[in-house]
Amino acid sequence: MTDLELLAPAKNAATAIAAIDHGADAVYIGAPAFGARAAAGNVIDDIAAVVDYAHRFNVRVFVTLNTILYDNEVDDAVALAHELYRIGVDALIVQDMALVGDDMPPIALHASTQCDTRDAAKARFLADAGFSRIVLARELSLDEIAAIHNATNADLEAFVHGALCVSYSGDCYASLLATGRSANRGECAQMCRLPYRLTDAAGKDVMPEAHYLSLRDMNRLDRLREMADAGIKSFKIEGRLKDVAYVKNTVAAYSRALDGIVASAPDRYRRSSAGKVSLTFTPDPDKTFNRGYTDYFLNNAGRKTCRIASTATPKWAGQPVGTVRRVDGKKLTLSLDKPLYNGDGLGYFDRNGRFNGFRVNRAEGSTAICATPVDIAPGTRLYRNRDKQFDDMIGGDTARRTIALTMTLAPLPDGRIALRATDTRGNDVTAVADTHSETARGDQSGPRKRVLSKLGDTAYTLESLDDRLGDRFIPASELTALRRRAIALLDSSQRMRYRREQRRRPAENSPEPAHTVGYDANVANKRAAGFYKSRNITVGRKALEVDRPRPDEEIRVMTTRYCLRRELGCCLLGASATKLPRRLFLLSGNNRYRLDFDCRDCEMLVVRVAENAEIS
């Protein structure tokens, strides 16, 4: 039996709890420091509160410590790892090999996507180092995932939804070299979302300016079964900077999809956590932020045919709702496919192809009244990127997660009564009470069940009651106290029985063939360098964060499976290759990049052109 896990992002404790309520089997949240989203850190007490809530449902909590570390930070990171272990965190998501040392707590380690695991050899290397889970590169196909699964016994985790980095994660240095803000330090400036000129070697524009490196968002809602069959156990939603509404909606959608997989193959798959989720809404990922969707490279054939970029805008265009018929200052007369509501946000592409937006103050049938005049041409297509009605609905109480109980109420030989409570997590407890009882004049099973069913302020619901007290009358106050003792015992039992995975023991005598790694290994401290040395690996060049390139040094800043030529229909191996010059460059402000195309591996390299160098 394979446990399937839906792993949800959490910007903060409130978001984490919302994710759990809406069906997450695990959440990942930023530590106070050293997380790959510097703006998403959380204090220890808040993480402890999340742990306490999550473990009630056998939901696991993972904390990100996945930046690279400088020498003066390693001891603090290790100390933080011990603190996180103390409060009950289930695993740490890390990138820096300094955090696999003997001074770490016995907490499970997950190899971050920043480790850039693209093949079985890298997965085995990380598993041998003591990682119990590998977060795979987003770019892998189903066949590549299956090959890694067959080559290692580590659990595999893969992204299924959210924003996409154009470069392999952990292998992007554009932000560092352009702005000084390192993606490997949690401070990415999102260079891939900028508009770029596309030029030939002479600097002549060959296409209009566009967001050539900005990818659509991932959506694999319909591909989860294939991924599970290929060996994925954890399905990860991106978004530790996303708001609660986004997390509620996407988690609920993917949780329902995983439930469907379990229902279709109950002898093969089950969910890894406990509890039943009840929703008050129908989840729809199209109604929350996205740049358009792609399932990315799950199919090998898609590398030659798919369109995966969002070159027109890096913003959320929204769902099409209609077109403009007439404009009278603040009043728009529209031809609508869907009704509008007061407060909706609408967007459109102007005459120059730029995306703009405005808010609808009042919607009256086919008429929209705006706060200020809108300069928009008749015939323009409109998109709704804020659905006020949906936002208001999802902003309320939209889910409840509960644990089902069976109870047995029975007399004891000494005159006392016992309430046995068993839950779906495997807890089985009995509370006993002395009672003042007498023979009742009528059937008491109904009143007793009503008292024992009053579990609204707990995580439990009563599924069935086996009442063996017959005609004995028990005061409601005594039944209430007995119920509360039984619930307290269940909570205590769950805390005692909950087991965390321990850190995987590193493989003994598993040195690598002697070789050298470069700056893309992201080694920024002596302890990480020692880790590689102990495995017969030499660090040729340290991380660029500590070994900065010279201004006149040409250097690769991205490696991407995304190919701009393929995106534009001009693959070098196709008949349309000559529609674009062979040599292509991207320019944005003072940043100039040459595009090199590796047709054998079907990859694109983005190379920073040295300052003052000729563009050709």
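The values are calculated or read from the model by the stated rules, or taken from the named source; none is laboratory data. If you're wondering where the values come from, they're calculated on a predicted model, not measured in any experiment. In this analysis, Cβ positions are derived from the backbone assuming ideal geometry, glycine residues included, and neighbour counts consider all displayed protein chains. These accessible areas exclude ligands, DNA and RNA; they are computed on the full protein's heavy atoms, side chains included. Shrake-Rupley method; radii C 1.70, N 1.55, O 1.52, S 1.80 Å.
Gain on full extension, evaluated as 0.36 nm per residue between Ala488 and Asp119 minus their Cα-Cα distance, stands at 128.0 nm. For the stretch 486-540, a Kirkwood radius taken over Cα pairs fed into Stokes-Einstein (20 °C, viscosity 1.002 mPa s) yields D = 145 µm²/s.
A Förster radius of 30 Å combined with the Cβ-Cβ distance from Leu465 to Arg500 puts the calculated FRET efficiency at roughly 0.35.
Distance distribution note for the stretch 454-509: the fraction of Cα pairs above 18 angstrom is 57%.
Our helix-only sum for the chain, with -39,500 (n - 2.57) per DSSP H run of n ≥ 4 divided by its residues, gives a mean residue ellipticity at 222 nm of -7000 deg cm²/dmol. Restricting the calculation to alpha carbons of the stretch 392-463 gives Rg and Dmax of 16.2, 57 angstrom. Taking the square roots of 5 times each eigenvalue of the Cα gyration tensor of the stretch 38-115, largest first, gives ellipsoid semi-axes of 21, 13, 12 Å.
Charge dipole (Cα centre; +1 on Lys/Arg Cβ, -1 on Asp/Glu Cβ; no other charges) of the stretch 470-591 amounts to roughly 260 debye. Heavy atoms of the protein chains alone define the surface here; on that basis the stretch 346-414 has 51 Å² accessible area per residue at 1.4 Å probe size. Peptides 154-162, 403-411 ranked from most to least packed by the mean count of surrounding Cβ atoms within 10 Å: 154-162, 403-411. Remark: the Ala514-Met207 segment gains 105.9 nm on full extension, using 0.36 nm per residue and subtracting the alpha carbon distance. Compactness ratio for the chain: Cα radius of gyration over 2.2 N^0.38 Å (N = residue count) comes to 1.12.
Extent of the stretch 262-391 along its three principal axes (Cα atoms, max minus min coordinate, largest first): 63, 41, 20 Å. Of the solvent-accessible surface of the stretch 1-96, computed with a 1.4 Å probe and all protein chains present, 48% belongs to carbon and sulfur.
Considered as an equivalent ellipsoid built on the Cα gyration tensor, the stretch 1-146 has semi-axes of 23, 21, 13 Å, the largest given first. The Kirkwood hydrodynamic radius of the stretch 255-298, based on inverse pair distances between different Cα atoms, is 13.3 Å.
What a 1.4 Å probe finds exposed on the stretch 123-186 is 43% carbon and sulfur by accessible area, rounded to a whole percent. When only alpha carbons are used to place a centre, the stretch 398-468 and the stretch 102-165 end up 46 Å from one another.
Think of the chain as a dipole: +1 on every Lys or Arg Cβ, -1 on every Asp or Glu Cβ, centred on the Cα centre; then among Thr152, Pro314, Met496, Pro314 lies furthest on the positive end. Over the stretch 62-193, the Kirkwood radius and the radius of gyration, each from Cα atoms, give a ratio Rg/Rh of 0.97.
Taking all Cα pairs closer than 8 Å and separated by 6 or more residues, the relative contact order of the chain comes to 15 percent. Normalised by 2.2 N^0.38 Å, where N is the number of residues, the C-alpha radius of gyration of the stretch 185-301 stands at 1.41.
If a spin label sat at a point 7 angstrom from the Cα of Arg400 along the line to its beta carbon, the backbone N atoms of the stretch 241-257 nearer than 19 Å would be those of 252. Does a label point 7 Å from the Cα of Asp391, set along Cα-to-beta-carbon, have any residues of the stretch 241-259 with amide nitrogen under 16 Å, and which are they? Inside the label zone: 242-249.
For the stretch 467-493, backbone nitrogen atoms closer than 20 Å to the point 7 Å from Arg441 Cα along Cα-to-C-beta are found at 470-477.
Net charge near Arg448: determine it from the other residues with C-beta under 12 Å of the C-beta of Arg448, scoring Lys and Arg +1 and Asp and Glu -1. Cβ neighbours under 12 Å give a net charge of +1.
For the stretch 473-529, the solvent-accessible area works out to 61 Å² per residue, with a probe of 1.4 Å and every protein chain left in place. Once the Cβ-Cβ distance of Leu336 and Ala14 is raised to the sixth power relative to R0 = 41 Å, the FRET efficiency obtained is 0.70.
Computed extension length for Ser477-Arg381: 28.1 nm, one decimal, from 0.36 nm per residue of separation with the Cα-Cα distance subtracted. Each of Asp75 and Lys449 was given a label point 7 Å from its Cα along the Cα-to-Cβ line. The distance between the two points is 6.5 nm. Relative contact order for the stretch 371-518 using alpha-carbon pairs under 8 Å, separation at least 6, rounded to a whole percent? Over the stretch 371-518, the number comes to 24 percent.
The angle between the Cα long axis of helix 120-129 and the longest principal axis of the Cα atoms of the chain comes to about 50 degrees, rounded to the nearest 10. By accessible area, using a 1.4 Å probe on protein heavy atoms only, the stretch 228-291 has 49% of its surface on carbon and sulfur.
The calculated FRET efficiency for the pair Arg416 and Gln190, based on their C-beta separation and a Förster distance of 56 Å, comes to about 0.25.
Relative contact order of the stretch 217-347: 22 percent, from C-alpha pairs under 8 Å at least 6 residues apart in sequence. Spacing of the modelled spin labels on Leu572 and Arg359, each 7 Å from Cα toward Cβ, amounts to 5.0 nm. Counting only protein heavy atoms and using a 1.4 Å probe, the accessible area of Thr538 comes to about 80 Å². In this Cβ point-charge picture (+1 for Lys and Arg, -1 for Asp and Glu), the chain has a dipole of about 1300 debye about its Cα centre. Rolled with a 1.4 Å probe across the full set of protein chains, the surface gives Glu553 an accessible area near 30 Å².
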